[in-house]
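Since the structure comes first, as structure tokens, the remarks are kept for the end.
The values are calculated or read from the model by the stated rules, or taken from the named source; none is laboratory data. Values in this document were obtained by computation on a predicted structure and should not be read as measured data. Reconstructed Cβ throughout: ideal geometry from the backbone, glycine too, with neighbour counts over all protein chains shown. The accessibility values were calculated without ligands, DNA or RNA, using every heavy atom of the protein model including side chains. Shrake-Rupley method; radii C 1.70, N 1.55, O 1.52, S 1.80 Å.
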Amino acid sequence: ELPENWTDTRETLLEGMLFSLKYMGMTLVEQPKGEELSAAAVKRIVATAKASGKKLQKVTLKVSPRGIVLNDSGTNELIENISIYRISYCTADKIHDKVFAYIAQNQLNENLECHAFLCPKRKM
């Protein structure tokens, strides 16, 4: 949980904030941003995650001015390092209030991907 004065600490903003989340999955999207677009993508990801019946992967998400760094919580293995320049949209989903998602361009094939995460608390 963020302290009240987290915006006052310059180091936090430059070094990055760490969040412990559960990775729900990814789906391809047609456009780089949009509320309806991301809501539909999150809906697909949630449905797929529920249908699979598998446990969600626990991850550590680090947000900084450089972008997003994703690590496996158990092994601390790097999953992905997404440059801020490849991220086109971030949202807290309206319907699924504990879900955070972002849209980024894949470095290899330039596909637009929406990645969704489950937060332990709605405020997060």
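In whole percent, how big is the carbon plus sulfur part of the accessible area of the chain, probe 1.4 Å, protein atoms only? Walk me through the numbers before you get to the answer.
Values: 4390 of 8400 Å².
Ligands and nucleic acids excluded, carbon and sulfur give 52 percent.
Out of LEU18, LEU112, LEU78, any idea which swings most in a Gaussian network model of the chain, alpha carbons joined below 10 Å?
LEU78
Got a sec? What order do HIS115, HIS96 fall in by accessible area at 1.4 Å, biggest, i.e. largest, first?
On the way: HIS115 15, HIS96 55 Å².
Of HIS115, HIS96, the descending order of accessible area is HIS96, HIS115.
Once you mark the GluC sites (Glu not before Pro) that are in a DSSP loop and have at most 14 other Cβ atoms within 10 Å, what is the longest gap between them in the chain?
Details: sites that count: GLU1, GLU4, GLU30, GLU77, GLU110.
Answer - 31-76.
Just one of (i) 116; (ii) 108; (iii) 129 is volume of the Cα convex hull per residue in Å³ calculated from these coordinates, so which is it?
The listed entry that was calculated here is (i).
Using only Cα atoms, find the angle between the long axis of helix 35-52 and the longest principal axis of the chain, and express it within 0 to 90 degrees, rounded to the nearest 10.
With both axes taken from Cα atoms, the answer is about 80 degrees.
In the stretch 64-124, which trypsin sites (Lys or Arg not before Pro) are in a loop and have at most 10 other Cβ atoms within 10 Å, using DSSP for the loop call?
Working: sites: ARG66, ARG86, LYS94, LYS98, LYS121, ARG122, LYS123; in loops: ARG66, LYS94, LYS98, LYS121, ARG122, LYS123.
Hits after loop and neighbour filter: LYS121, ARG122, LYS123.
Counting only the heavy atoms of the protein chains, how much of CYS90 is accessible to a 1.4 Å probe, in Å² to the nearest 10?
Number for this one is 70 Å².
Just the number please: accessible area per residue for the chain, 1.4 Å probe, all protein chains included, in Å².
For the chain, the solvent-accessible area averages 68 Å² per residue.
Suppose accessible area is computed on protein heavy atoms with a 1.4 Å probe; arrange LEU108, LEU118, LEU21 from highest to lowest.
Details: LEU108 170, LEU118 55, LEU21 10 Å².
Of LEU108, LEU118, LEU21, the descending order of accessible area is LEU108, LEU118, LEU21.
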